[in-house]
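Here the structure comes first, spelled out in structure tokens, and everything after it is commentary.
Every number here is computed from the coordinates shown, using simple stated rules; none is lab data. What you are looking at is a predicted structure, and each value in this text was computed from that prediction instead of being measured. Neighbour counts are summed over all protein chains in view; Cβ atoms, including those assigned to glycine, are modelled from backbone coordinates with ideal geometry.
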Amino acid sequence: MRNDFFENNDKLNALEAQYEAQKIAFSPIVFQVARTMRDLNLLEILSKNKNGLTYEELAKESTLSKYAVQVLCETALSANIVSLKDEKVFLTKIGFFINSDKMTITNMNYNHHVNYLGLFYLDEAIKNEKAEGLKVFGDWETIYPALSTLPNDAKKSWFEFDHMYSDSGFKEAIKILKELKPEKILDIGGNTGKFAMLFAQSNPEIEITIMDLPQQIKLAKQNIYEKDIKSISTYEANILLEDTTIPKGFDIIWMSQFLDCFKEEQIVKILEKIYASMDNNSEICIMEPFWDRQNNETAAFCVINTSPYFTAMANGYSKMFKYTDFEKLLKKANLKVVEIIDNIGLCQTIIRCEKISR
Ligand SMILES: C[S@@+](CC[C@H](N)C(=O)[O-])C[C@H]1O[C@@H](n2cnc3c(N)ncnc32)[C@H](O)[C@@H]1O
């Protein structure tokens with residue numbers, strides 16, 4: 001496992017560094033231009049015209065004005081999204097990824113529809129430890145109860161982002177959980193039931209219970225009903241409330257991209273609550289994208305840069321973890337790590353833990 005990401009990152013000379021700083025200063029503009037070119041089909045048109053197009057030709061094919069095409073293409077040129085040769089515009093490899101790569105498309109939609117407006121309030125959110133950016137969608141303390149009622153584009157982009165990263169690990173995760181031979185699994189933060197339903201479809205003999213907030217359980221119940229799955233039950237609860245207890249009798253307590261929704265003190269309390277529900281044979285399986293356990297720097301970059309969403313939009317206080325920080329919380333909750341499995345799906349790690357005193 002590599003863990004040297006972003007080391008030695010101060011090697012540029014002053015001029016190079018100043019240029020990099022301008023890329024950051026103008027990054028919202030470059031972002032919006034790239035997205036607009038993607039959404040107005042300009043990148044797609046260029047991808048189909050391998051011999052390049054003049055601004056006039058691109059304007060004609062896109063039914064936009066020459067001014068519109070040129071203003072977008074010049075920013076795209078400066079960002080290496082297109083190249084220009086003999087007055088013709090060509091799509092570069094970066095342009096190709098912006099237009100066609102699923103991960104780039106999903107990240108861009110999520111940043112545009114969920115984060116863009118709210119991140120304006122990041123400084124307030126950082127100071128107040130409150131999701132101040134969420135006011136662009138309504139009067140909410142955290143995004144979780146708001147998820148099912150977000151504007152359509154935001155809701156779709158949020159779920160696509162969430163599902164792309166966690167779903168990519170589900171198949172392997174199911175195999176790993178099955179090998180542990182559980183009879184009953186509790187899926188805390190099971191959201192709309194995607195994991196539970198996938199699990200249940202191939203393992204109908206194993207009982208699985210989804211625990212989540214009422215708004216998500218409502219959607220999960222609908223999905224389970226539509227698929228007519230009998231082995232899934234639901235439990236509506238806010239895990240943070242003092243009087244919420246974790247039901248006993250589960251062999252595996254599964255949490256996928258759940259604990260990153262909370263601050264450190266809350267995570268320890270949640271783990272202690274779970275600990276109290278466990279018997280000597282039960283174990284906790286946590287799936288999280290830890291930035292220091294990724295297998296490449298691109299993935300580490302994506303995971304790290306999800307954290308400011310938690311600050312400005314989700315709750316004001318949680319983040320994506322560095323594993324070396326997270327393991328300290330497990331210790332505090334008296335849990336012993338028995339196995340760490342990296343490279344699950346796009347970016348996930350599964351940690352298996354049991355009670356220290358077992
Ligand atoms: C990032 S999503 C992860 C969903 C799913 N496990 C996955 O891997 O895609 C976090 C889930 O935790 C739930 N959640 C957040 N705060 C909660 C709380 N206080 N009590 C119970 N569930 C909560 C959210 O409703 C959401 O479904």
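Its Cα centre serving as origin, the chain has a Cβ charge dipole (Lys and Arg +1, Asp and Glu -1) of approximately 400 debye.
Within a 10 angstrom radius of the beta carbon, how do ASP39, ASP212, ASP228 rank from fewest other beta carbons to most?
On the way: ASP39 13, ASP212 25, ASP228 6.
By the 10 Å Cβ count, ascending, the order reads ASP228, ASP39, ASP212.
If you run the Gaussian network model on the chain, springs between alpha carbon atoms under 10 Å, then out of ASP325, ASP292, ASP162 the most flexible one is ASP325. Based on DSSP loop calls and a cut-off of at most 13 other Cβ atoms within 10 Å, the longest stretch of the chain free of exposed GluC sites (Glu not before Pro) is what? The longest uninterrupted stretch comes out as 243-358.
Pairs of lysine residues in the stretch 67-184 that meet both criteria, 8 or more places apart or on different chains and Cα atoms under 25 Å apart, total 16. Distance between Cα centroids, the stretch 251-275 to the stretch 173-199: provide it in whole Å. So the two Cα centres are separated by 16 Å. Quick check on the chain: helices-only [θ] at 222 nm, where DSSP H runs of length 4 and up contribute -39,500 (n - 2.57) each and the sum goes over total residues. Nearest 500, please. -13500 deg cm²/dmol, from helical runs alone. Each of SER100, THR142, ASN223 was scored by the projection of its Cα onto the charge dipole of the stretch 93-240, and the greatest displacement toward the positive side belongs to SER100; charges sit on the C-beta of Lys, Arg, Asp and Glu. For the residues TRP254, TRP158, TRP140, a GNM of the chain with alpha-carbon springs under 10 Å puts the largest fluctuation on TRP140. Counting other Cβ atoms within 10 Å as a rough exposure proxy, the listed residues MET103, MET255, MET197 run MET103, MET197, MET255 from fewest neighbours to most. Bridges between two residues of the chain, per DSSP, are antiparallel at a rate of about 45%.
Taking the number of Cβ atoms within 10 Å of each Cβ as an exposure proxy, the fewest-first ranking of LEU329, LEU46 is LEU329, LEU46. Can you classify the stretch 166-355 as rounded, prolate or oblate using the Cα gyration tensor, where a ≥ b ≥ c are the square roots of its eigenvalues, rounded means a/c under 1.5, and otherwise it's prolate if a/b beats b/c and oblate if not? In terms of gyration-tensor shape, rounded.
Over the chain, what is the mean sequence separation of C-alpha contacts under 8 Å (at least six apart), divided by residue count, expressed as relative contact order in percent?
Once normalised by length, the contact order is 16 percent.
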